[in-house]
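Engineer: Just passing along the structure, written as structure tokens.
The values are calculated or read from the model by the stated rules, or taken from the named source; none is laboratory data. Here the structure is a predicted model, which is why all the values come from computation and not from measurement. Note: ideal-geometry Cβ built from the backbone for every residue, glycine included; neighbour counts use all protein chains shown.
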Amino acid sequence: MRPRVAITLGDPRGIGPEIVASVMTDPPAGAEYVLVGPADLLAGLPGETLPVGSAAAGGWDASEAGMMAAGRQVGAQIETVVEHARIGDLQAVVTAPAEKRALHAAGYRYPGHTEWLAALTGTTDVAMMLVTERLRVVLATTHIPLKDVPGALTVERVTTVGVLAREALTSWWGIGRPRLAICGLNPHAGEGGLFGSEDRDVLAPAAAALGAVGPVPADTVFVRAMAGEFDAVIAPYHDVGMTAVKVAGFGSGVNITLGLPFIRTAPDHGTALDIAGQGKADPGSMRAAVTLAVRLATRR
């Protein structure tokens, strides 16, 4: 039986609707697709659709009211797919980009989709994995200010993220004994406490508990992973992990939420409001996200 994969159109003001339409002209084989979004933007797209609102409920523009309306539309899309996924009607969900400011204006005050989906599903432990052809990175912390990262990094949190990563590598990628590395937080991974104690007091014990290598300085760990030494790298904060992933495979990276009761993937970029509707948007990352969702759902 082929898995049912939902694809949301995301923020109607952004590039989500056009990159989804582009992918659906020649969708990856092996799945049944359900497209979710406002009825007017779903019109003419192939496959099954699940309309959420319509053109009459639009008014999406650059104004504060337009931003709020767009946020509400995305919120309705996410709540709809989670409801269907929780009852088993969907095996995977692919989310097109949403603007965080619009979501916050609409009352969805989560740092990102990862935390939002965790709340909607009642999931305690989740993590964000970024995947390219040559690199897998899992974030120990996500959308928080840099100054708050040291306080958020605990042995328990890093270990939990490592366990989620190991389980995903085993069950989804078929890797019997995943090789994990922990990326250092401070320069030279702290240099034995000379440049900060977090690597010595938090990351090293977590690495030991996981049987992982590290902490390894950030300026070498991703190079070693791309050379095949590690199956995934646990990154201590958002930008060090995201930068590595986007340098390794910009335009083809995929974001996966680990720990949810269903598979969720997304492209590794945002709404690109500045080029929406101009025919400039590259659908490569969205296609990669859909392809991976199908593959993981089929394997699961």
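Engineer: Please work out if ARG200 is within 24 Å of the chain's Cα centre (by Cα) and among the basic types (Lys, Arg).
Structural biologist: The answer is no for ARG200.
Engineer: If you don't mind, another one. Taking helices (runs of 4 or more DSSP H) that fall entirely within segment 108-185, which contain at least 2 residues that are within 23 Å of ALA96 (Cα to Cα) and in contact with a His (Cβ under 9 Å, 6 or more places away or on another chain)? Please lay out each step first, then the result.
Structural biologist: On the way: elements: 113-121, 149-152, 155-171.
Correct list: 113-121.
Engineer: Got at least one residue in segment 41-58 being acidic (Asp, Glu) and over 22 Å from PHE262 (Cα atoms)? Spell out how you get there, then give the answer.
Structural biologist: Step one: of segment 41-58, the residues acidic (Asp, Glu) are 48.
Now restrict to residues that are over 22 Å from PHE262 (Cα atoms): none.
Checking segment 41-58: not a single residue is acidic (Asp, Glu) and over 22 Å from PHE262 (Cα atoms).
Engineer: Please state which of the following conditions ALA76 fails to meet, knowing it meets all the rest: (1) closer than 24 Å to PRO283 by Cα; (2) surrounded by fewer than 16 Cβ atoms within 10 Å (Cβ to Cβ).
Structural biologist: That leaves (2) as the condition not met.
Engineer: Still on this structure, I have one more. Identify the residue in segment 120-148 that is over 17 Å from THR265 (Cα atoms) and among the small types (Gly, Ala, Ser) and, among all such residues, is surrounded by the most Cβ atoms within 10 Å (Cβ to Cβ).
Structural biologist: ALA140
Engineer: Within the group ILE256, ILE182, ILE275, ILE175, which residue is of a type outside the set (Ser, Thr, Tyr) and surrounded by 24 or more Cβ atoms within 10 Å (Cβ to Cβ)?
Structural biologist: Working: ILE256 fails: surrounded by 24 or more Cβ atoms within 10 Å (Cβ to Cβ); ILE275 fails: surrounded by 24 or more Cβ atoms within 10 Å (Cβ to Cβ); ILE175 fails: surrounded by 24 or more Cβ atoms within 10 Å (Cβ to Cβ).
The unique qualifying residue is ILE182.
Engineer: Take the conditions buried (at least 23 other Cβ atoms within 10 Å of the Cβ) and either of a type in the set (A, V, I, L, M) or out of contact with any His (no Cβ under 7 Å at 6 or more places or on another chain) (or both) and apply them to ALA227. Does it pass?
Structural biologist: Values: buried (at least 23 other Cβ atoms within 10 Å of the Cβ): no; either of a type in the set (A, V, I, L, M) or out of contact with any His (no Cβ under 7 Å at 6 or more places or on another chain) (or both): yes.
No, not satisfied.
Engineer: Considering only segment 187-244, state which residues are touching a Ser or Thr at 6+ places or on another chain (Cβ under 8 Å) and assigned to a loop (DSSP other than H, G, I, E, B).
Structural biologist: Passing the criteria: PRO236, TYR237.
Engineer: Could you check segment 245-267 and list, in sequence order, the residues that are farther than 20 Å from ARG166 by Cα and either in contact with a helix residue (DSSP H, G or I) (Cβ under 7 Å, 6 or more places away or on another chain) or not in a helix (DSSP H, G or I) (or both)?
Structural biologist: Step one: of segment 245-267, the residues farther than 20 Å from ARG166 by Cα are 246-252, 266-267.
Of everything in segment 245-267, those that are farther than 20 Å from ARG166 by Cα and either in contact with a helix residue (DSSP H, G or I) (Cβ under 7 Å, 6 or more places away or on another chain) or not in a helix (DSSP H, G or I) (or both) turn out to be ALA248, PHE250, GLY251, SER252, ALA266, PRO267.
Engineer: Now a separate question. Can you say whether ALA43 is surrounded by fewer than 23 Cβ atoms within 10 Å (Cβ to Cβ), among the hydrophobic types (A, V, I, L, M, F, W, C) and more than 19 Å from the chain's Cα centre (by Cα), as far as the supplied structure shows?
Structural biologist: On the way: surrounded by fewer than 23 Cβ atoms within 10 Å (Cβ to Cβ): yes; among the hydrophobic types (A, V, I, L, M, F, W, C): yes; more than 19 Å from the chain's Cα centre (by Cα): yes.
The answer is yes for ALA43.
Engineer: If you don't mind, another one. Residue check: is ALA232 crowded, with 23+ Cβ neighbours inside 10 Å and modelled with pLDDT of 95 or more?
Structural biologist: Working: crowded, with 23+ Cβ neighbours inside 10 Å: yes; modelled with pLDDT of 95 or more: yes.
Considered against the rule, which asks whether it is crowded, with 23+ Cβ neighbours inside 10 Å and modelled with pLDDT of 95 or more, ALA232 comes out as yes.
Engineer: Still on this structure, please answer the following. If I filter segment 274-285 for residues that are among the small types (Gly, Ala, Ser), free of Cβ contacts under 8 Å to residues at least 40 places away in the same chain and in the same structural domain as ALA168 (by TED's automatic domain parsing), do I get at least one hit?
Structural biologist: No.
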